[in-house]
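A.B. asks: Take this structure first; my questions come after.
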Amino acid sequence: MRIAVLTFEGFNELDSFIAAAMVNRVKQPELRALIVCPAERVASMNGVVVHSQAPLSFPREADAVIVGSGAGTRELVRNPQIMGELRLAGWKAADSVLHYVAPVGEKPQYVERARAAIGPYL
């Protein structure tokens, strides 16, 4: 299972890094999380720079997608170029914000969907 962790300019480090680290700590070759950015590198809301590990088209091939929060998330869903590149079937923007799977589990229905997707690998 390949998981895309969408990470954008102004991202929250906790969302992207913890999500990717938790998945990759399982240490099974068939389970891998990759940080995916719309540019070669992006900076967090605190200035931490991260390099993209896969192109923005990767989420279309991934088995699961995690979208982290951040200062620019609302602007992201208003950007037709980025949203057009993603073309994620079944994804919906609610109130112009993509929901994400929070490591602390603040939205139970999204956490349950993520658990169902990666459960067999844990």
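The values are calculated or read from the model by the stated rules, or taken from the named source; none is laboratory data. Predicted, not measured: the structure shown is a model, and the values here were computed from it. Quick reminder, even Gly has a Cβ in these numbers, built from the backbone with ideal geometry, and neighbours come from all protein chains shown.
A.B. asks: Check off (1) farther than 18 Å from Gln81 by Cα; (2) in contact (Cβ under 8 Å) with a residue 40 or more places away in the chain; (3) not in a loop (DSSP other than H, G, I, E, B) for Ala33 and give me the number that stays unchecked.
C.D. replies: With (1) farther than 18 Å from Gln81 by Cα; (2) in contact (Cβ under 8 Å) with a residue 40 or more places away in the chain; (3) not in a loop (DSSP other than H, G, I, E, B) applied to Ala33, the lone miss is (2).
A.B. asks: Restricting attention to strands (runs of 3 or more DSSP E) lying wholly within the range 38-78, give those where 1 or more residues are in contact (Cβ under 8 Å) with a residue 40 or more places away in the chain and under 12 Å from the mean Cα position of the chain (by Cα).
C.D. replies: Answer list for the range 38-78: 64-67.
A.B. asks: Going by the structure shown, is Ala62 surrounded by 10 or more Cβ atoms within 10 Å (Cβ to Cβ) and modelled with pLDDT under 65?
C.D. replies: Judged against the criteria, Ala62 is not a match.
A.B. asks: Can you spot a residue in the range 69-90 that is surrounded by fewer than 12 Cβ atoms within 10 Å (Cβ to Cβ), of a type outside the set (D, E, K, R), under 18 Å from Ile3 (Cα atoms) and modelled with pLDDT under 65?
C.D. replies: yes
A.B. asks: Can you tell me how many residues in the range 1-33 are under 22 Å from Asn46 (Cβ atoms) and buried (at least 19 other Cβ atoms within 10 Å of the Cβ)?
C.D. replies: Looking only at that region, the number is 12.
A.B. asks: Out of (1) at positive phi; (2) touching a helix residue (DSSP H, G or I) at 6+ places or on another chain (Cβ under 9 Å), the odd one out for Val48 is which?
C.D. replies: (1)
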